[in-house]
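What follows is a short report on a single structure.
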Amino acid sequence: MNEVIDIAIVGGGPAGLTAALYGARARANTVVFESQLPGGAIITTDWIENYPGMPEGLNGSRIGELMHAHAEKFGARFHTFVRVERIREESGGFILSCDDGEEYPARTVILSTGSIPRKLGVPGEAEFTGRGVSWCATCDGALFRGKTVAVIGGGDAAVEEALFLTKFAEKVYLIHRRDELRATKCIQERAIANEKIELVLSRIPIEITGHEGRVSGVRLQSTAGEADQLLPLDGVFEFIGVHPNSELVSGLVDLSGAGWVKIDSSCMTSVPGLFAAGDVTDTPLKQVVTAAGQGATAAFEALRHVDSGVCTL
Ligand SMILES: Cc1cc2nc3c(=O)[nH]c(=O)nc-3n(C[C@H](O)[C@H](O)[C@H](O)COP(=O)(O)OP(=O)(O)OC[C@H]3O[C@@H](n4cnc5c(N)ncnc54)[C@H](O)[C@@H]3O)c2cc1C
């Protein structure tokens, strides 16, 4: 059995990395388990301009690197490319079983596993994933230089990613099921002013069509009683919301109907010693600033729990 960890953090996005900084800086034995590269969902976005203190904004990957380096500087340790597969309670603490074949005992756990993009679930989507269908403009945008693409969605992420795609694509359709966008007004204004972006409102994608193994178009149904429409294009980027990444604790902690982890004001779940922070929680605002704030709170409360001596591992 490995040494007992004070604060085991599952997920190294903004919530987990901030928790790691606060835990390690307080001299707790703090370990982050991250199944990919640390940084989380911000790695997939080009520009973050609403994190306080960065008026010019900063590249998402760079913010991830800085948060990772900051936590490491104060002594947080990382098990990178290690997925936590199971968490069970033992002796007032927890045992984490991971895909490296190891078990790690921990006095407290902070779950910061974030969320995963929601899919349209229409014909053609699975077939053309990676062949024109994408959920990451930063990763795949450059493949569409001079091409025509569609972004599906009307929230902040969709409109920001549509703006990013105009750096490469000749034309970007922004397709939304409602008759107006949901995004923050200042972001909407930028999209409306961009001549490469064309809004296609009150339309739902019902099929992604293909030709010779790649996306060739999207078939749209009107929500306003008009006829179906087939829009020829080369790529489809989906930003229609997210699902919680909470399977790991389902059956262990209380979840909302949609699967978000319920937490109290100290970021504690229904299981004492098991905290949650960031996008995986039932907090409505899913942003870097809220993830970081909850990560700090969860680490602070986890330290108090460690000091209470409840865990006898
Ligand atoms: C395209 C896009 C644009 C965005 N733009 C903005 C913006 O401009 N401003 C803003 O504030 N927010 C933005 N966001 C939202 C922001 O990225 C999230 O709110 C934030 O990343 C949430 O942080 P988190 O740490 O809770 O989760 P995440 O960042 O999702 O991190 C979760 C981490 O947990 C890891 N993980 C999951 N399960 C396991 C497991 N079992 N074992 C080990 N590791 C695991 C994942 O690999 C991931 O790295 C954007 C999001 C997207 C997708």
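Any read-out appearing in this document is the output of simple, stated calculations on the displayed coordinates, not a laboratory observation. All figures in this text were calculated on a predicted structure; none of them were measured in a lab. Reconstructed Cβ throughout: ideal geometry from the backbone, glycine too, with neighbour counts over all protein chains shown.
Gaussian network model of the chain, Cα springs within a sub-10 Å range: biggest mean-square fluctuation belongs to which of GLY124, GLY93, GLY278?
In the Gaussian network model the winner is GLY124.
Of the options PRO105, THR166, ALA28, report the single residue whose Cα projects farthest towards the positive end of the charge dipole of the chain (beta-carbon charges: Lys, Arg +1; Asp, Glu -1).
Value: THR166.
I need to check one value: relative contact order of the range 119-238, counting alpha carbon pairs closer than 8 Å and at least 6 residues apart, in percent.
31
Run the lone-cysteine check on the chain: no other Cys C-beta under 4.7 Å from the residue's C-beta.
Taking the Cβ cut-off of 4.7 Å, the unpaired cysteines of the chain are CYS98, CYS186, CYS267, CYS311.
For the range 119-238, divide the Cα radius of gyration by the Kirkwood radius and give the resulting Rg/Rh value with two decimals.
Here the Rg-to-Rh quotient is 0.94.
Taking the Cα centre of the chain as origin, work out the dipole magnitude from +1 charges on Lys and Arg Cβ and -1 charges on Asp and Glu Cβ, in debye rounded to 20.
Charge dipole, the chain, about its Cα centre: 380 debye, nearest 20.
Run the quick spin-label model on ARG214 and GLN36: label points 7 Å from Cα toward the beta carbon, then report their separation in nm to one decimal.
It is 2.4 nm.
How much length, in nm to one decimal, is gained on full extension between ARG27 and VAL271, taken as 0.36 nm per residue of separation minus their Cα-Cα distance?
85.4 nm
Which residue, THR113, THR269, THR283, has the most motion in a Gaussian network model of the chain that connects Cα atoms within less than 10 Å?
Fluctuation is largest for THR283.
Between LEU220, GLY141, LEU199, whose Cα lies farthest towards the positive end of the dipole of the range 119-238 when Lys and Arg beta carbons carry +1 and Asp and Glu beta carbons carry -1, centred on the Cα centre?
After comparing all options, I get GLY141.
Among the lysines, which have Cα under 18 Å from the Cα of LYS167 when same-chain residues fewer than 8 positions away are ignored?
LYS147, LYS196
Taking the convex hull of the Cα atoms, report for the range 54-177 its projected area averaged over all directions, in nm².
For the range 54-177, the mean projected area of the Cα convex hull comes to 11.8 nm².
Quickly estimate the mean residue ellipticity at 222 nm for the chain, helices only: each DSSP H run with n ≥ 4 gives -39500 (n - 2.57), and the total goes over all residues, rounded to 500.
Value at 222 nm, helices only: -7000 deg cm²/dmol.
Over the Cα atoms of the chain, what radius of gyration and what Dmax do you get, in Å?
Final numbers for Rg and Dmax: 21.2, 66 Å.
Using a Gaussian network model of the chain with C-alpha springs under 10 Å, which one of SER91, SER61, SER35 is most mobile by mean-square fluctuation?
Answer for the Gaussian network model of the chain: SER91.
Over the alpha-carbon set of the range 91-156, divide Rg by the Kirkwood Rh and report the Rg/Rh ratio to two decimals.
For the range 91-156, the value is 1.20.
Considering amide H positions built from the backbone, and no H for Pro or chain starts, which residues 5 or more places from VAL236, or on another chain, come under 5 Å of its amide H?
Under 5 Å from the amide H of VAL236 lie the amide H atoms of VAL133, SER134, ALA150, each far enough along the sequence or on another chain.
Run the reach check for LYS286 against lysines, Cα to Cα strictly under 24 Å, same-chain hits fewer than 8 apart removed. What comes back?
Partners within reach: LYS119, LYS185, LYS262.
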